[in-house]
Every structure is written in C-alpha cells, then in structure tokens.
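Novice: Handing you a structure now.
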Amino acid sequence: MLFTKKSAAEKRAEFRKGLASGKLLQFPLCAQLIERKGFDGVYISGAVMAADLCLPDIGIATMTEFAERGHQIARVTDLPAFIDIDTGFGEPMAAARTIRTMEEMGLSGCHIEDQVMPKRCGHLDGKEVVPTQLMVQRVKAAAEAKRDPNFVLIARSDARAVEGLDQ
C-alpha cells in the first residue's frame, strides 16, 4: 500500500475508541508489517527515531526530524501511529508547537516526558527531571494546542528512576 485509505481524523477516532474499550492495545514498530499482522497500531519510539538517524538518544534529534519520520510512517498504514516526542522539544510553548506539528503530520497521538533538556534515553543513567510545576505547564500547553480532541496526549515520567517511587 502506497498511501492509507483512512484519514488522520478517522485513525485518531479509532485510537480513542480502542483506548476506551479497556482492551490492551499492541503497538509494535514496523508499520506495514504491523498492519498485516493485525496489531492495533504503530508505536514510534524516540530511541528508535534517534537510532534511525544514527544519533545517540540524548535529545539531539530535532522536532522536524521526528515529525517528518512520523509522517512517513503514518501515511503508509491505516493504523493509528503513536509517537514519542521526548520532552516536546523544549519548554511549554515548544511542546505546544510540537503537538500541532504532529497532528498536521497525521499522527494519532504522542507521549511527552518530564526530563530536562538535553534529555537522555530512559534506560541511561544521569537523567534529570524538571520540577513538577514545569511539567504541568508543559503538558497543559501541549493539551491546549490540540485541535483534534481525538489526538491522544500521554504524560510520561522518569521521576521514579531519578527520585524514587515515593516522589
């Protein structure tokens, strides 16, 4: 398949419906193979994006690179594609811009994390997280930037690895 049959809005609505179903959704990484195998969607990992660009996963890949690759993946499958946007590529207003861009590129959703910039892969030592208040501002700006109510935004935290489970 060269292009999808479904619009981005249709894929987002199906993603929302799947999330509401209570079913455990499966989102592996290779779009067309994933669709043929009957999975629920495609997950576009930040670490995989960095590796695809031959870069370490330490926050040096750009929003534009993520958006372009996310678009290339989303346009070849009728499944919803969900992308890791790291920290949103900056502070709250940058996160808002990132959400708009990801919607425009046909992605169905994303997750955003609470690390400082430059971020580090979640599996690496030396991570730092932003203060809770800043993460709340980042997520709020991202949520307010959404145009499509079916675009899924998930906040993700590395605080456990950095500050412990109680924090």
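The values are calculated or read from the model by the stated rules, or taken from the named source; none is laboratory data. Remember, it's a predicted structure, so these values are computed and weren't measured experimentally. Every residue, glycine among them, receives a Cβ derived from its backbone with ideal geometry; neighbour counts consider all protein chains shown. What goes into the accessible areas is simple: the full protein's heavy atoms, side chains included, and nothing from ligands, DNA or RNA. Shrake-Rupley method; radii C 1.70, N 1.55, O 1.52, S 1.80 Å.
Novice: Once you sort the root eigenvalues of the Cα gyration tensor of region 52-106 as a ≥ b ≥ c, which label holds: rounded (a/c under 1.5), prolate (a/b larger than b/c) or oblate (the other case)?
Specialist: The shape class here is oblate.
Novice: What pairs in Lys6/Lys37; Lys6/Lys146; Lys23/Lys140; Lys37/Lys127; Lys23/Lys119 have C-alpha atoms more than 24 Å from each other?
Specialist: Lys23/Lys140; Lys37/Lys127; Lys23/Lys119
Novice: Can I ask one more? Taking the Cα centre of region 54-167 as origin, work out the dipole magnitude from +1 charges on Lys and Arg Cβ and -1 charges on Asp and Glu Cβ, in debye rounded to 20.
Specialist: My answer is approximately 240 debye.
Novice: Once you place label points 7 Å from the Cα toward the Cβ at Thr64 and Leu19, how far apart are they in nm?
Specialist: Output for this residue pair reads 2.9 nm.
Novice: For region 1-148, what value does the Rg/Rh ratio take when both radii are computed over Cα atoms and Rh is the Kirkwood radius, given to two decimals?
Specialist: Computed over Cα atoms, the ratio is 0.96.
Novice: Right, next: Over 18 Å apart: what share of the alpha carbon pairs of region 5-55 falls there, rounded to a whole percent?
Specialist: Considering region 5-55, 42 percent of its Cα-Cα pairs are separated by more than 18 Å.
Novice: So, one more: Place the peptides 155-166, 97-108, 9-20 in order of packing, highest mean first, counting for every residue the other Cβ atoms within 10 Å and averaging per peptide.
Specialist: By packing density, highest mean first, the sequence is 97-108, 9-20, 155-166.
Novice: Going by average Cβ neighbours within 10 Å, how do the peptides 76-88, 37-49 rank, with the highest at the top?
Specialist: 76-88, 37-49
Novice: Now for a different question. Between the alpha-carbon centers of region 36-108 and region 153-167, tell me the distance in whole angstrom.
Specialist: So the separation of the two Cα centres works out to 21 Å.
Novice: Per residue, what accessible area does the chain have, given a 1.4 Å probe and all protein chains present, in Å²?
Specialist: With all protein chains present, the chain gives 53 Å² per residue.
Novice: Over the chain, with every protein chain in place, what whole percent of the accessible area is carbon and sulfur at 1.4 Å, could you tell me?
Specialist: Carbon-and-sulfur percentage of accessible area, whole number: 56.
Novice: Based solely on its DSSP helices, what 222 nm [θ] is calculated for the chain when runs of n ≥ 4 H residues each add -39,500 (n - 2.57) and the sum is averaged over all residues, nearest 500 deg cm²/dmol?
Specialist: -12500 deg cm²/dmol
Novice: If eta is 1.002 mPa s and T is 20 °C, what Stokes-Einstein diffusion coefficient results for region 81-167, Kirkwood Rh from Cα pairs, in µm²/s?
Specialist: In µm²/s, the coefficient is 165.
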